[in-house]
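Heads up: the structure comes next, in structure tokens.
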Amino acid sequence: MEQLAKLFGSGLRVKVMRLFLLSPGTFFDPKGIAGLIKAKPGIIRREFLKLKDIGLLKKKSDNFQLQEKSELVAPLRQLVAGGDILLKHPLLKKLTGIGGLKLLIASGIFVRDEQSPIDLVIVASDSLHRRAPELIIEGLEARLGRPLNYVLMNADEFEYRRAARDRFVTEALSRPHRKIVDRLGL
């Protein structure tokens, strides 16, 4: 992210571009995402307007949307929101260091599967305090500029749901994904 911030002149601009590139078809207003991106609405609005001026965004009322026909979308998506870049994100790596982690699967946004209902599957021992991974995920959401869909469960629940061919677990494992940590031997 630091290199991209230097390239584009601002870390906030990278977050804003990532937000739109990872959420095509979605309208955003600066006030609505200020908390997620952790910046003031006025500053976010200026970034939106700069991106609108170069043809990357279009404006409708006070909301902005990705201009998907822009010739900039494909190369920027590869550069700013490419799956490999996201898989190497320091906060995602920080998740791997949590004690009691049994399984960490990256899907959805991390492997460029926009249709996936889930981005992360986290399976841990019962002793894991839920707040530790939640704090890391909140930081990751702020850095990526969008909310992540994730599930956090203990190993027994995961094994039960897998054995019962639970629709959610089955779909998560059948869609494109990367196993970052696998201490369950999947």
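The values are calculated or read from the model by the stated rules, or taken from the named source; none is laboratory data. Just so we're clear, the structure is a prediction, and the values are computed from it rather than from any experiment. FYI the Cβ positions are ideal-geometry reconstructions off the backbone, even for glycines, and counts take in every protein chain you see.
Identify the residue in region 13-37 that is loosely packed, with under 15 Cβ neighbours inside 10 Å and within 16 Å of the chain's Cα centre (by Cα) and, among all such residues, is modelled with the highest pLDDT.
Step one: list which residues in region 13-37 are loosely packed, with under 15 Cβ neighbours inside 10 Å, which gives 24-26, 31-32, 35.
This time we only want the ones that are within 16 Å of the chain's Cα centre (by Cα), so: 24, 26, 35.
Details: 24: 78, 26: 83, 35: 77.
Looking at residues that are loosely packed, with under 15 Cβ neighbours inside 10 Å and within 16 Å of the chain's Cα centre (by Cα), I get 26.
For the residues 119, 113, the requirement of being more than 18 Å from residue 185 (Cα to Cα) and at pLDDT 85 or above singles out 119.
Would you be able to say whether some residue in region 82-104 is at pLDDT 85 or above and under 17 Å from residue 144 (Cβ atoms)? Looking through region 82-104, at least one residue is at pLDDT 85 or above and under 17 Å from residue 144 (Cβ atoms).
Taking into account only those residues within region 14-44 that are of a type in the set (D, E, K, R) and part of a helix (DSSP H, G or I), which is farthest from residue 147 (Cα to Cα)? It would help to see each step written out before you state the result.
First pass over region 14-44, keeping only residues of a type in the set (D, E, K, R): 15, 18, 29, 31, 38, 40.
Still in the list and also part of a helix (DSSP H, G or I): 15, 18, 31.
On the way: 15: 12, 18: 12, 31: 16 Å.
Among those residues, the one meeting the criterion is 31.
If you go through region 136-167 and keep only what is outside any loop (DSSP other than H, G, I, E, B), surrounded by fewer than 13 Cβ atoms within 10 Å (Cβ to Cβ) and of a type outside the set (D, E, K, R), you end up with just 163.
Looking only at residues that are β-branched (Val, Ile, Thr) and at pLDDT 85 or above in region 137-169, which one is nearest to the chain's Cα centre (by Cα)?
Taking region 137-169 first, the residues β-branched (Val, Ile, Thr) are 137, 151, 169.
Next cut, at pLDDT 85 or above only: 137, 151.
Working: 137: 9, 151: 13 Å.
Only one residue tops the list, namely 137.
The one condition from (1) at pLDDT below 85; (2) over 23 Å from residue 115 (Cβ atoms) that residue 182 does not meet is (1). Taking region 105-135 as the range and being assigned to a loop (DSSP other than H, G, I, E, B) and either within 18 Å of residue 146 (Cβ to Cβ) or free of Cβ contacts under 8 Å to residues at least 24 places away in the same chain (or both) as the test, the residues that pass are 107, 112, 113, 114, 115, 116, 117, 118, 119, 129, 130. Which one is nearest to the chain's Cα centre (by Cα) among residues in region 101-122 that are closer than 15 Å to residue 136 by Cβ and of a type in the set (A, V, I, L, M, F, W, C)? In this case the residue turns out to be 110.
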